[in-house]
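Values quoted throughout were computed directly from the atomic coordinates according to the rules given, and no laboratory measurement underlies them. Only a predicted model underlies this, so the values are computations on that prediction, with no experimental measurement involved. Don't worry about glycine lacking a Cβ; one is built from the backbone with ideal geometry, like all the others, and counts go over all protein chains shown.
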Amino acid sequence: MEQIFTLAFLTSFLSAAVSTAIPLAYASMGEIYSEKAGILNIGLEANMLAGAFCSFAVAYTSGSLWMGLLGGIVGGLAVCMLHAFISVRLAQNQTICGIALNIFLLGISSYFLKILVSNNPAFPQVATFPKLAIPGLSAIPLIGEALFNQNILVYILYLLIGISHVLLKHTQWGNSLTAVGEHPRAADTVGIRVYRTQYLAAAINGMLGGMSGAYMVLAQLGVFTENMTAGRGYIALAVVIFGRREPIRAALAALLFGAAECMQFRMQALGIDLPAQFMNMLPYLITMIALLGSIGKQRDPESLGKPYIRDAR
Amino acid sequence: MRKYTVQVARALVYTGLTLAVATLLILGAGASPLQCAGVFIRGIFGSLNGFAEVLVKAAPLMLAGLGISIGFRSGFFNIGAEGQMYMGAIAATVVAMWPVQMPSWIHVTLAMAAAFLAGGLWAFIPGILKAKFGISEIINTLMLNYIAFDLTGILIRGVLQDSTDYLPQSPALGPELAGILAPTRLHAGFLLALLMVLAVWWLMEHTPTGFELQVVGSNKRAARCLGINVMKSIVIASCLGGGLAGIAGAGELLGIQHRLLEGLVGGSGYTAILVALLGRNNPWGVLAASIGFAALQVGANTMQRQMGIPAAIVSILTGFIVILLLCDALILKLIEKRKVEGAA
């Protein structure tokens, strides 16, 4: 038992946890922008599936990973803008739209995969982004390997976390975003363009969601499989809540949930006799507990999920 | 008269676009749309079995959809039917495994009652959290879906596992919902679903409780001014909705599968949300929408078996129809514009 907790075990565990956490972190960071602007997008799963499928299809046909990444971003963007159009312009129910998109994308991505596969004798595969060790940093014991010997998409994420933190917390634009989510009418009165802000937030959400899916294909697996996100879009929603809609907290929450997922496969090795489902359940349980703990303290943006109708009284 | 033409034009736009997408998908899969249409229709109406299968698949959608519609009309946005269905199935399994001698119909009734209670209790959690603390039910019901699913997984690998083999499933359950159309799988759960359509309609339209729920759903402040206990109404709506979903799960268990399995519900809790939307939260609408969705599934399954069309076409069309419906305002506007241009 003691032998299992060696440095080697912990290093590989942390490395896997970071890798698992990245798609959650990408998708949840997008959702933070969206929710801050008052749009509750339950369709993260759809953004991710679109990103995963498009990145795969583009990378496979073009042979370029970077083109694949671009394809994934565009795919996520397109799906998310449809959600934004329906929730902002048409002022329809955001949750229903998200669920419908999830089901639609699940179908359409499996359908096109079937067609792609049936035209190919071998199951199509793409290369993945190689690992790039950052000299010096990657030699730090325990965490160096996990944090600084990863692929380029992970480093891009670090950068985006920092940028998002500054953007949301320390800029005028971040304040307007919050104002739109809290009280769109007041924001409108002081000259903030509510709809444009919401569309922009949705666009960011879509692109990051697309990158989340693209990461799974272009960095983790190299293939697209039916329903490959398998509910990660919903975990990302939990990450947003648990991370209190702050980018750095959310990234840490994603890491925690990623670790929980990786733990499943290692519990037996550790001699812990618990069903894997117990670990699966944990992120959802702690999110609910976090919601309970937030009673009276932190709350949702006032207008989250409510469409803003400019002409209404 | 004018309104009537708009309605017809709108129906034509919906059917036309849906058929166009279906045609494209079938062509994309390399099959003939006309031949597929024949297979689709024969799959549903061609045999007693196909027809019964539509009703079999409609029952859980109808029950869960009814529960969701009660919530929607009362301002409780329940997307947790999936989890409530699993909890109902778990409770029904526990009661059905209870080794006590009693007439089968009593045993089944007890199991269904337990399912109603379990589903209701599962929905009570987000209900009371919303009513008392104002915590959004959307995230909570979603989280509870996954918790219920994982709980099912744990139980069928533990206390509820069939001790005679290693598969993660419960033993075959003795008590069952009786079949009502001999060689087919149609069972009493469908009749129960029809009964519930009637009951929900009566509750919402003809009782003070139903009236209160609807007032709370349309305007909480007005409800308070009328002296309606808003908190109580939200809790009632959530529990009733969860209870109906619980019965839906138990119906699948005791009518079809006869064992508790991980894939027992398999996403119908989410489809039921779309059923409630398409049925405009009206019990009769839910009845029609659930049969429509079920027919789509049965027809598409036949197309998959006989023509090799990917069954994913069901999800695509389901999502597409709902997205169209969400764009209804846009479609109406375009129709109106056309008409104005045509008149000028």
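Tabulated data for the structure shown
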| read-out | value |
| --- | --- |
| The protein assembly as shown: translational diffusion in µm²/s, Stokes-Einstein, Kirkwood Rh over Cα pairs, 10 °C, 1.306 mPa s | 61 |
| Max mean-square fluctuation residue, GNM over chain B, Cα-Cα springs under 10 Å, options B:Leu191, B:Leu287, B:Leu12 | B:Leu12 |
| Linear extension gain, B:Phe211 paired with B:Leu27, 0.36 nm per residue minus alpha-carbon span | 61.3 nm |
| Members of A:Lys306/B:Lys132; A:Lys169/B:Lys130; A:Lys36/A:Lys131; A:Lys306/B:Lys333; B:Lys220/B:Lys337; A:Lys36/B:Lys337 lying beyond 27 Å, as alpha-carbon distances in this model show | A:Lys169/B:Lys130; A:Lys36/A:Lys131; B:Lys220/B:Lys337; A:Lys36/B:Lys337 |
| Rounded to whole Hz, the Karplus (6.51, -1.76, 1.60) HN-Hα couplings of the stretch B:33-48, x for glycine and proline | x, 5, 4, 5, 4, x, 4, 4, 5, 5, x, 8, 9, x, 8, 4 |
| Relative intensity, log₁₀ I(q)/I(0), of the stretch A:70-131 from a Debye sum that treats every alpha carbon as a point, q = 0.12, 0.20, 0.22 Å⁻¹ | -0.46, -0.89, -0.96 |
| Over the stretch A:159-290, volume per residue of the alpha carbon convex hull, in Å³ | 137 |
| Kirkwood-Stokes translational diffusion coefficient of chain B, alpha-carbon pairs, 10 °C, 1.306 mPa s, µm²/s | 74 |
| The stretch B:250-294-the stretch B:159-202 distance, computed between alpha-carbon centres (Å) | 13 |
| Within the stretch B:117-177, chymotrypsin sites (Phe, Trp or Tyr not before Pro) in DSSP loop having at most 15 other beta-carbon neighbours inside 10 Å | B:Tyr166 |
| Spatially proximal aspartates and glutamates relative to B:Lys57 (Cα-Cα < 12 Å; intrachain offsets below 8 disregarded) | B:Glu252 |
| 0 to 90° range, to nearest 10: angle between helix A:44-62 axis and chain A longest Cα axis | 60 |
| Ascending count of other beta-carbon atoms within 10 Å, so fewest first, for B:Ile154, B:Ile180, A:Ile289, A:Ile42 | A:Ile289, B:Ile180, B:Ile154, A:Ile42 |
| Spacing of the two label points (7 Å from each Cα toward its C-beta) at A:Asn120 and B:Met97, in nm | 4.3 |
| For the stretch A:198-253 and the stretch B:1-72, distance of Cα centres in Å | 33 |
| Selection from A:Asn102, A:Thr11, A:Pro124 lying farthest towards where the dipole of chain A points positive, charges on Cβ | A:Asn102 |
| Relative exposure of B:His258, B:His187, judged by other C-beta atoms within 10 Å (fewest first) | B:His258, B:His187 |
| Computed over chain A, Cα set: Rg, Dmax in Å | 19.9, 68 |
| Placed amide H near B:His187: partners under 5 Å, 5+ positions off or other chain | B:Ile180 |
| For the stretch B:111-195, Kirkwood radius (reciprocal of mean inverse C-alpha pair distance, Å) | 15.8 |
| Potential extension, A:Ser64-A:Ala91 segment - 0.36 nm per residue separation minus Cα distance | 5.8 nm |
| Rounded to 10°, Cα long-axis angle of helix A:172-182 versus longest principal axis of chain A | 70 |
| Note, ³J(HN,Hα) from phi for the stretch B:65-76, Karplus 6.51, -1.76, 1.60, rounded to Hz, x at Gly and Pro | x, 4, x, 5, 5, 4, x, 4, 6, 9, x, 10 |
| Dipole axis of the stretch B:53-194 (+1 Lys, Arg; -1 Asp, Glu on Cβ), positive-most option in B:Leu129, B:His187, B:Tyr166 | B:Leu129 |
| Ranking of A:Val240, A:Val194, B:Val197, B:Val21 by count of other Cβ atoms within 10 Å, fewest first | B:Val21, B:Val197, A:Val194, A:Val240 |
| GNM flexibility winner over chain A from A:Ala236, A:Ala127, A:Ala37 (Cα, springs under 10 Å) | A:Ala127 |
| Hydrodynamic radius by Kirkwood, which averages 1/r over all alpha carbon pairs of the stretch B:55-201, in angstrom | 16.6 |
| Stretch gain in nm, segment B:Phe133-B:Ser104, where the contour uses 0.36 nm per residue and the Cα spacing is subtracted | 6.1 nm |
| Relative contact order %, the stretch A:2-293, counting alpha carbon pairs below 8 Å whose residues are six or more apart | 36 |
| Structure-based [θ]222 nm, chain B - -39500 (n - 2.57) summed over DSSP H runs of at least 4, per residue, nearest 500 | -25500 deg cm²/dmol |
| Residue with peak Gaussian network fluctuation, chain B [Cα springs, cutoff 10 Å], from B:Leu326, B:Leu129, B:Leu244 | B:Leu326 |
